[in-house]
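Here the structure is laid out as structure tokens; the discussion comes afterwards.
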């Protein structure tokens, strides 16, 4: 009986901890004075209702402040604004800056630059971009070009944990922003042009441990197809498509990288993202539909299991 009570107590403690990041973001995503997710909100609309700047007065804007990120390559994505702090990211070498918006001149609170393997540079396509950072539970979550997933203390910039997600020596890099869902940081991989097999993976916010990993193509168990996968739309394709739509074992280098932006529906508890082009560039050796490249996936973020997928371009 004591063991049962202890187990229940531990579960009761774990559930609010696991949900807290999600509840915090669900609330703050609606505050247009903040920008707490890479796409503004879980729907990734990038839309704000703030009306101080309009089509009528935009011509009157003048520069009053500027900030150099110290990186000369392409910049994609946008800063986060959490409370009175702005978090700015850069292209490679992936600097992250914390700026105090409550003080005149927006002074820097801290700067973080990860130690990276520069062998990632020649296998990065296209340009050495980075698409943003995430915030949750007092942490800044980021990825690096050379395949690291890193958590920083949002107040101090101190490194809390890091994990290795991709290997540039295999043509794998990381340029995506990823997305925090509940107690997980969900990220993907770049490198579809270099013969990789794409995937998404989830890391525990507190420990940095990988919780699940799901490939874009290959055997059903690698793709993590749920038992009811595409049950409502069987004409989209169901089981076995990740191998039988490829000649031989071409799926092992099938591309389908996952470098774009992710969205999440809290009511359905589904993560949405797309996969990229198939590999190789030359289509002759890979005749067929090459599933599930160039596809939209819907997954359970808790388990990684795919509920449905739709291939946009066979």
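Compared with the dominant principal axis of the Cα atoms in the chain, helix 2-28 is inclined by about 70°.
Could you tell me the relative contact order of the stretch 158-314? Use alpha-carbon pairs under 8 Å, at least six residues apart, and round to a whole percent. It rounds to 22 percent for the stretch 158-314.
Overall shape: prolate for the stretch 44-145, with the ratio a/c of the largest to smallest alpha carbon gyration tensor axis at 1.5 or above and a/b above b/c. Ellipticity at 222 nm from helices only: DSSP H runs of n ≥ 4 in the chain, each -39500 (n - 2.57), divided by the residue count, give -3500 deg cm²/dmol.
Note on the chain: Cα-only Rg and Dmax are 20.6, 71 Å.
With a ≥ b ≥ c taken as the square roots of the eigenvalues of the C-alpha gyration tensor of the stretch 134-283, please select rounded if a/c is under 1.5 and otherwise prolate if a/b is larger than b/c or oblate if it is not? Oblate, because a/c is 1.5 or more while a/b does not exceed b/c. Listed peptides 274-284, 209-219, 105-115 appear in the order 209-219, 274-284, 105-115 once ranked by packing, highest mean of other Cβ atoms within 10 Å at the front. Sorted from greatest to least, the principal axis extents spanned by the alpha carbons of the stretch 91-212 come out as 48, 29, 19 Å. From most to least packed by mean Cβ count within 10 Å, the peptides 227-235, 291-299, 259-267, 34-42 give 291-299, 34-42, 259-267, 227-235. In percent, rounded to a whole number, the relative contact order of the stretch 94-168 is 23, using alpha-carbon pairs under 8 Å and six or more apart. Residue order for 193, 221, 241, fewest other beta carbons within 10 angstrom first, comes to 221, 193, 241.
Quick note: the coordinates plus some simple rules give every number you see, no bench work behind them. Note that the structure is predicted; figures quoted are calculated from it, not measured. Glycine also receives a Cβ, built like all others from the backbone with ideal geometry; neighbour counts cover every protein chain displayed.
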